[in-house]
Amino acid sequence: MNFRKILNRDARRYTLPQERRLGAGTHSYLPELCDQLGTGRIGRRDFLRQAALLGMTATTAYAMADVLTGTAPVRPAAAATPKPGGTLKVSMRVQEMTDPAAFDWVEKSNVARFMVEHLTRTRADNVTVPYLAKGWEASDDLKTWVFHLSEGVTWSNGDAFTAEDVAHTVNRWLDPATGSSNLGLFGAMVEVGSDGKKRGIANAVEVVDAHTVRFNLKQAALAMPENFYNYPTAMTHRGFGKDYDADLSANPIGTGPMSLAEYDVGERALLKRSRDWWAGDFHLDEIAYFDHGEDTNAHIAALASQQVDMVYRVPNNLIETVKRLPFVDIHEATTAQTGVMRFRVSHAPFDNLKVRQAIAACMDHQEILDKAFKGLGQVAENHHVCPIHPEYAALPPLKRDVELAKKLLAEAGHGDGLTIEIANGDTEGPWMTDACAIFKNQLAPAGITLNINKMPTNQYWEVWDKAPFGYTAWTHRPLGTMVLGLAYRAGVPWNETAYDNPDFDAALNDAEATLDVNERKKKMAVCEKILQDDAIIPQPFWRSVFKASNKRVKGFSTHPTLYHQFHSVWLDG
Amino acid sequence: MLNLVLRRLGTMVLIMLVVALLLFLINEGDPRLIARSVLGPYAQDEQLDAWIMQHGYDRSLFVRYFEWISRVLTGDLGDSIIYKRPVNEIFWDRLGNTAILAGVTFLVMVVVALVLGVLAGMKEGSTQDRVISVFSIATTSVPEYASAVILAGVFVYWLAVLPGTSSMTGGFSVVELILPVLVLTLYGFGYIARMTRASMAEVMTTPYIRTAVLKGLPYRHIIMKHALRNALIAPFTVIMLQINWLLSGVVVTEFAFGYKGFGALLLEAALRRDIFLIEACGLAAVFVAVFTQTVGDLGYTYLNPRIRFK
């Protein structure tokens, strides 16, 4: 079958004339991608993700997938007609909300999400689709990306949303003074200055016209569209942090349908629909976030007594309790959320490779998953790439080997035993302490004594990138390359391990520059193997996440990163 | 008596000054730590240095301490790091919320404890005494975090008659106050009841009560007029101590029910190292502790003339 022919025919069939003018669906790699789907070398989800990355509209991509796999388009079950209006009440921490570029908690971005919006949107099925950008194209070498912005979008202060806003926002991220983690995320637009600090490269962001932005990268980057939906990447107005303070709660100017009616840190946030949404219907009148403190029992109790319609998340130890509530739906999402017991390789004794390998060799991943998280997830492999990532490459399974650990420890000069301490703040729940306790038992036969330094959650975030040995939770990201670039590339702000390996950086750069998912898997296998061999992150498991909502909440699906996407949500009764 | 009052007040001021010094040294001893707390984990070294210079934290500890003390005395408690607002704007609201919770709990707890304590102490060793004693010991033995879960399990999840959280997000609600008050009362009343019972039992064995009984006075009259006042002297100090506990010891209950009170604020400030909030909360908690203890001592002296002359 000539897939190139089908693509050309169907791309025109499903793509609007204006989208074709923008080049949507015409990237030179698309025929190959279609061929891969048609011959079964990649799955439907991989095809959708890749096609969206290359600028094909979601409608076109889904329709193409149907044609190429020979399946009839699936009609959604007859859904009830959404009812407009109502207040959705959610139990979630209400934290201070200043600069979206510096957000360090998803909760902050959830409140901001209905005011300030993103260029792209990664849906609950992990596929990234257009949002403020209506389409994009990448050059064949993936070093130039052109984003076409939706027209007719305005800011809440009346200004038109233009390429100037995008350029201003992205340039702020690339300015080290902003202190944004996006500096690591967009490494392809970053260089090291003469003062040793990372900053944006010259001409990284180029305004082509009022609705077109070009990103000029120093190296190929695959995940640009995905990166634009990371939680600190909301677009802010061109005057934000320039003409007025970079404080969203004081200057809530956004493109979204809602405005901030009340904002009381630690108490509540009230968003009210203040205007028609440029992207279509928005059913809810209000979204109210209530802060019930740190105790997740209180959140679930609020759901049980119907004081709220939804909770931010359900901890695994309360899942059975929530299941017993007859008026509540529980939603599970398989994710790449995890916790890594990471070493800071600049600190003794973890600067010794053999010590790290000895500790890692003692880990029985399945036992920790089963006992600490009731088996609600899948085992990890000490390299932070998840089986649900499209570029995941399976390496030989890890096996616990205490004898090897003893041998390595003796070679490292710790034949008489070793005492270490892990810092843990239970940042995602008490299961983290349980995991540490189980690992402590697994280390004991090798002569390693693990002391658990249990500290308050927020105090852990003060030392997460300083503690010699710590248990850090990482959220889900759609691509494996994204998290490796954020966490393990030398010198990036979130490199908590102080890992600095030019071979790894080169391998990651190579993987990021490869569009063919099968080829990329091979290159990711190299990255994974380097991380595994260097033993910087004993990583027990990937965990599923759970949300719960009252049955009257309709049109909701759980996002793997717990991002709130309420654009289709409505309340029944 | 005046001398005693003045001496107690002087001691109170001295304790407050020492506590203030400790709070200051612990929280503001290291200027770099303050700058890090204020500017966040991503702030660079130059930003920290600039902040330290700009806010005068490069001066000596001694100068900064007296400056801080004078600011506190004029009512300036600084700005909260996590709330991005003056501490004064948050602090008094939260203190007020806890005062409501503590006030209601205090009323319920003291009345219940005194009634049960007197009932138990009136007839020491009776079935009535044993039932009350076992019940009060049992409830006092269950910590708040456990009773909060048990009561929520019964009234929120099983019977579904009470709200599970008490954050008062829709305005003040008496119904939302029920569970926290119940938890605190169950935990706190047993202590007072046991003290009252012991005191009452002791008074009931005294010769003047026996004389009153032998004189044929009505039993109710003996209890109310002769026994109660003397029996209340010992529990009075315990009751005064409960005020202190109700302010700073309700952290667990406020946390469990999401109640926006002083205890939850103190916990949050400590967890997030909001130093100016910690200092304000610390000073308030110690002030209430010292103040109630002073009032307790003075009240005890008033109720018991024998103390006055020692």
### Query
So which chymotrypsin sites (Phe, Trp or Tyr not before Pro) in region A:300-343 pass both tests, a DSSP loop state and at most 16 other Cβ atoms within 10 Å of the Cβ?
A:Phe327
### Message
For chain B, what does the relative contact order come out to in percent, with C-alpha contacts under 8 Å and a separation of six or more?
### Response
25 percent
### Query
What list of ³J(HN,Hα) couplings, whole Hz, do you get for region A:83-90 from phi and the Karplus terms 6.51, -1.76, 1.60, once you set θ to phi - 60° and write x for glycine and proline?
9, x, x, x, 10, 8, 9, 10
### Query
With helices defined as uninterrupted DSSP H runs, which ones in chain B have an alpha carbon span along their own long axis of at least 20 Å and mean Kyte-Doolittle hydropathy of at least -1.0?
B:2-28, B:87-122, B:127-141, B:174-204, B:233-248, B:275-303
### Task
Rank B:Leu266, B:Tyr83, B:Leu101 by how far each Cα sits towards the positive end of the charge dipole of chain B (+1 on Lys, Arg Cβ; -1 on Asp, Glu Cβ) and give me just the farthest.
B:Leu101
### 10 Å binning of all Cα-Cα separations within region A:366-521, expressed as whole percents from 0 upward
9, 30, 38, 20, 2
### Message
Using Cα-Cα distances under 8 Å and only pairs 6 or more residues apart, what relative contact order does region B:194-256 have, in percent?
### Response
42 percent
### Task
Taking the Cα atoms of region A:99-232, report the difference between the largest and smallest coordinate on each principal axis, in whole Å and largest first.
40, 34, 33
### Query
Scattering from the C-alpha atoms of chain B alone, worked out with Debye: what is log10 I(q)/I(0) at q = 0.14 1/Å?
-1.12
#### Entry: Accessible-area order (highest first, 1.4 angstrom probe) of the listed residues B:Val142, B:Val18
B:Val18, B:Val142
### Summary
Against the 2.2 N^0.38 Å rule of thumb, the C-alpha Rg of region A:291-372 sits at a ratio of 1.62
### Query
Semi-axes of region B:143-213's equivalent ellipsoid from the Cα gyration tensor, sqrt of 5 times each eigenvalue, largest first, rounded to whole Å?
40, 13, 10
### Task
State the three equivalent ellipsoid semi-axes of region B:63-134, derived from the C-alpha gyration tensor as the square roots of 5 times its eigenvalues, in descending order and whole Å.
47, 14, 9
### Query
Using the Cα atoms of region B:137-288 to build a convex hull, what is its mean projected area in square nanometres?
12.2 nm²
### Message
I'd like the distance separating the alpha-carbon centroids of region B:277-301 and region B:134-178, in whole Å.
### Response
28 Å
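Using the Kyte-Doolittle scale, which helices in chain A average at least -0.5 and also have C-alpha atoms spread 27 Å or more along the helix axis, with helices defined as whole DSSP H runs? Working shown, then result.
On the way: long enough: none.
Flagged H segments: there are none.
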### Task
Using a 10 Å cut-off on Cβ to Cβ distances, tally the other chain neighbours for every residue of B:254-262 and report the average as a whole number.
5
### Query
Taking Cα centroids, how far is region A:439-507 from region A:136-198 in Å?
28 Å
## Note on the structure
In whole µm²/s, the translational diffusion coefficient that Stokes-Einstein assigns to region A:66-170, given a Kirkwood hydrodynamic radius over C-alpha pairs, 10 °C and 1.306 mPa s, equals 90 µm²/s
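Could you sort out which of A:Lys198/A:Lys529; A:Lys89/B:Lys260; A:Lys466/B:Lys84; A:Lys89/A:Lys374; A:Lys323/A:Lys554; A:Lys134/A:Lys198 sit more than 21 Å apart by Cα distance in this structure?
Violating the 21 Å limit, Cα to Cα: A:Lys198/A:Lys529; A:Lys466/B:Lys84; A:Lys89/A:Lys374; A:Lys134/A:Lys198.
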### Task
Could you run the numbers on buried accessible area between B and A, total for both chains, 1.4 angstrom probe, in Å² to the nearest 100?
2800 Å²
### Message
Using the Kirkwood formula on the Cα atoms of region A:330-456, what hydrodynamic radius do you get, in angstrom to one decimal?
### Response
15.6 Å
### Query
From Cα coordinates alone, what are the radius of gyration and Dmax values for region A:236-275 in angstrom?
11.0, 30
#### Entry: Debye, to nearest 20: dipole size of region A:335-381, +1 on Lys, Arg Cβ, -1 on Asp, Glu Cβ
180 debye
### Message
Please compute, over every Cα-Cα pair in region A:274-338, the percentage with a separation greater than 14 angstrom.
### Response
65 percent
#### Entry: Most mobile of B:Gln242, B:Gln54, B:Gln293 in a GNM of chain B (Cα contacts under 10 Å)
B:Gln54
#### Entry: In Å², nearest 10: area of A:Lys406 left accessible to a 1.4 Å probe
80 Å²
### Task
Give me a single rounded figure for A:303-310: the average over its residues of other chain Cβ atoms within 10 Å of their Cβ.
5
#### Entry: Partner aspartates and glutamates for A:Lys143 [C-alpha distance under 14 Å; skip if fewer than 8 residues away on the same chain]
A:Glu206, A:Asp510, A:Glu512
### Query
How much solvent-accessible surface does A:Leu270 expose, in Å² to the nearest 10, with a 1.4 Å probe and all protein chains in place?
10 Å²
#### Entry: Computed Rg/Rh of region A:155-294, alpha carbon atoms with Kirkwood Rh
1.01
#### Entry: Those lysines that a straight Cα-Cα span of less than 28 Å connects to B:Lys225, excepting residues fewer than 8 apart in one chain
B:Lys123, B:Lys215, B:Lys310
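What are the semi-axes of the equivalent ellipsoid of chain A, taken as the square roots of 5 times the eigenvalues of the Cα gyration tensor, listed largest first and rounded to whole Å?
The equivalent ellipsoid of chain A has semi-axes of 37, 29, 25 Å.
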### Query
How compact and how long is region A:118-173, expressed as Rg and Dmax of its alpha-carbon atoms in Å?
12.8, 39
### Task
With just the Cα atoms of region B:200-310, tell me how far they stretch along each of the three principal axes, in Å, largest first.
66, 36, 16
### Message
Please compute the average number of Cβ atoms from other chains found within 10 Å of each residue's Cβ in peptide B:155-166.
### Response
5
### Solvent-free Debye scattering, log10 I(q)/I(0), computed from the Cα coordinates of region A:360-401 at q = 0.24 Å⁻¹
-0.91
### Query
Could you work out the helix-only [θ] at 222 nm for the protein assembly as shown, with each DSSP H run of four or more residues adding -39,500 (n - 2.57) and the total divided by the number of residues, to the nearest 500 deg cm²/dmol?
-14000 deg cm²/dmol
### Query
How large is the convex hull of the Cα atoms of region A:224-348 per residue, expressed in Å³ as a whole number?
228 Å³
### Message
I need the per residue convex hull volume for region A:436-573, using only the alpha carbons, in cubic angstrom as a whole number.
### Response
181 Å³
#### Entry: Cut-off under 5 Å, modelled amide H: who pairs with A:Gln337 long-range
A:His476, A:Arg543
### Task
Ignoring everything but the protein chains, give the 1.4 Å probe accessible area of A:Lys407 in square angstrom, nearest 10.
110 Å²
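The values are calculated or read from the model by the stated rules, or taken from the named source; none is laboratory data. None of the values given here were measured: they were computed from a predicted structure. When we count neighbours, we look across all protein chains shown, and the Cβ atoms used for this are built from the backbone with ideal geometry, even at glycine. Accessible surface is based on the protein model in full, side chains and every heavy atom, while ligands, DNA and RNA are left aside. Shrake-Rupley method; radii C 1.70, N 1.55, O 1.52, S 1.80 Å.
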